[in-house]
Amino acid sequence: MKVSKEGRYLALAEVKELLGEEALKDVQKLALEHAKEFSKLGVKEAKALTKELSELDLPENIVCKIVDILPQDTDTIITILSTEKSRIKEDLINKVLEIVSGYTKE
C-alpha cells in the first residue's frame, strides 16, 4: 500500500500510525480498520524489520508484503517473491526466514 507523503510503500503498522493522526474520510477509516486488524507488528518493529529486509536488496513493495505477512515457511516466501523476474535463490529465502523469525510472536 503506497500512502505516504513521500510516495513510498508502507507496512500496515505504518499505515495504522499515519491514519491515526488525521481526521479521516470513510475510505480512510476502512483502511485504518484493515490496518488495525491485520498488522502483526508495532510500528517500531515493522520499521526495524523493514530496514533489515531492505539490506537484502529486495524491492520496497516486496519488503512491505513480507513485513505485513510475516511468512513462516518457504512456500509463502516463494509466493511473495514470485513477482520478481529474477530467479529466487534458496539462500535469499533462508535469510528472509531467519530475519522474520526474530520478529514473530509464538
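The values are calculated or read from the model by the stated rules, or taken from the named source; none is laboratory data. What you see is a predicted model; the values in this text were computed from it and never measured. Neighbour counts are summed over all protein chains in view; Cβ atoms, including those assigned to glycine, are modelled from backbone coordinates with ideal geometry.
Of the residues making up the range 60-100, those that are part of a helix (DSSP H, G or I), over 19 Å from K40 (Cα atoms) and acidic (D, E) are D75, E90, D91. Would you confirm whether or not the range 41-59 contains a residue that is under 22 Å from Y103 (Cα atoms), more than 14 Å from the chain's Cα centre (by Cα), in a helix (DSSP H, G or I) and among the β-branched types (V, I, T)? No. The residues of the range 84-100 that are of a type in the set (V, I, T) and under 13 Å from P71 (Cα atoms), listed by number, are I93, V96, I99, V100. Filtering the range 26-40 to residues that are surrounded by 14 or more Cβ atoms within 10 Å (Cβ to Cβ) and not in a loop (DSSP other than H, G, I, E, B) leaves Q28, A31, L32, H34, A35, K36.
Here's the yes/no breakdown for (1) within 24 Å of R8 (Cα to Cα); (2) modelled with pLDDT under 95:
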| residue | (1), (2) |
| --- | --- |
| V67 | yes, no |
| L70 | yes, no |
| I78 | yes, yes |
| L81 | yes, yes |
| S86 | yes, yes |
| K89 | no, yes |
| L92 | yes, yes |
| E98 | no, no |
| Y103 | yes, yes |
